[in-house]
1. Among 120, 263, 300, determine the one that fluctuates most according to a GNM of the chain built with springs between C-alpha atoms less than 10 Å apart.
2. Would you please state which residues of region 46-64 a label at residue 314 would reach in this model, taking the label point 7 Å out along Cα→Cβ and a backbone N cut-off of under 20 Å?
3. Given +1 on the Cβ of Lys and Arg, -1 on the Cβ of Asp and Glu, and no further charges, what dipole in debye does region 1-152 carry about its Cα centre, rounded to the nearest 20?
4. Got a sec? Charge dipole of the chain, +1 on Cβ for Lys and Arg, -1 for Asp and Glu; which of 329, 131, 69 is way out at the positive end?
5. Using the Cα atoms as the points, what is the convex hull volume per residue of region 11-108 in Å³?
6. What does the convex hull of the Cα atoms come to per residue for region 93-202, in Å³?
7. Report ³J(HN,Hα) in whole Hz for each residue of region 264-280, in order, from the Karplus equation J = 6.51 cos²θ - 1.76 cosθ + 1.60 where θ = phi - 60°; Gly and Pro get x.
8. Taking 35 Å as R0, compute the FRET efficiency from the Cβ-Cβ separation of residue 288 and residue 268 and round it to 0.05.
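Each reported figure results from applying straightforward, stated rules to the coordinates on display, with no laboratory input. Since the structure is predicted, the reported quantities are computational estimates derived from the model, not experimental observations. Cβ sites come from the backbone with ideal geometry, for glycine too, and all protein chains shown count toward neighbours.
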Amino acid sequence: MPVAAVAGTLARMITEAISFDRPGDPDVLIWRPTDLPEPGPGDVVVDVYAAGVNNADLLQRQGQYPVPPDAPATLGLECSGRLSWVGPQVEGWAVGDAVCALLIGGGYAEQVVVPAAQLLPKPQSLTFIEAAALPEALCTVYANLAMTAHVRRGSSLLVHGGGSGIGTTAIQWGKAVGARVLTTVGSDWKRDRVLGLGADVAVNYRDEDFATATLRATAGRGVDAILDIVGAPYLRANVDCLAPGGHLVIIGGRVDGSGRLELGTLMAKRASVSATMLRPRPKAEKAAVVGGVRREAWPLVDAGLIVPIIDTVLPIRQAARAHELLTAGRTFGKVVLAVDVP
């Protein structure tokens, strides 16, 4: 094992990980020894069994994603595994505990350092592969739809990219809390799949204007909340299909994109727009998000109301192939990298 716990300290701080020397295509990703950040007293070390792949990983590899200054260079925003070291100030966790975790980075590795406040217990009903697919998507959904847009029973919700990892999670979360869920997808087969997940309305945006379809499905009122992973190109149409008092939450798209916002329409609707990322938030905010997920969303997972939707599982050394699959846009749900699954 690259990391050993000796008398409460870490004797070696080298792990095997996927890294890259320069931005580029997936073939820049290589598996090699990498420095493990020194953990603090409130941190833990996770022996990684599996890691989820997210679009932010692709953008970081391409040099198009702003990486927080305290983040490791290694990709990976979520993982599952067991604790191999626990800091002296950590309470409620012990070496050997099965966990999954929200990360600032570093998940594509054999070990990762994590603030203890960003841990979640692995649901007993899920495998380590399945558990690795949950933290980033479910924390993103909860932070933006529960904490920011206040989606609840009786709300109407439009989820863009319904076939993505975040999309499949948002659909299930929305239905579990009693919302009416509309979603957009890019193919008929994905439309069938999201309807099978419980979406009330699914629009193939290649065949139909999503704003027109949304207004038709809501009798002209629009929706209370929109979760958008596209960004600038959808800005005006999103505002058009917001209901009075509605909230547009933008969580994706190119960071250098720009779009036209009709302030008159927004003001007349008394609507609001948020643009946010989960990764650069302060540790205290992430701890609040993870705590909320554990209290309010984890019981939905335990009840089987939210199930990780996994398209493909690949060995960690095939991370480049995983990125190619996501880039092609033909996956449904998550791609997961198996690191050391028992």
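1. Evaluated over the chain, the most mobile residue of the options is 263.
2. Flagged as within label range: 48-64.
3. Working: 7 positive and 16 negative charges, 44 e Å.
That gives a dipole near 220 debye.
4. The one lying farthest along the dipole's positive direction is 329.
5. Values: hull volume 9.8 nm³, N = 98.
Convex hull volume per residue, Cα atoms: 100 Å³.
6. Details: hull volume 14.2 nm³, N = 110.
Taking the convex hull of the Cα positions in region 93-202, it is 129 Å³ per residue.
7. Computed from phi, the couplings for region 264-280 are x, 5, 4, 5, 4, 8, 6, 9, 9, 10, 10, 10, 8, 10, 7, 4, x Hz.
8. Details: r = 33 Å, r/R0 = 0.95.
After rounding, the FRET efficiency stands at 0.60.
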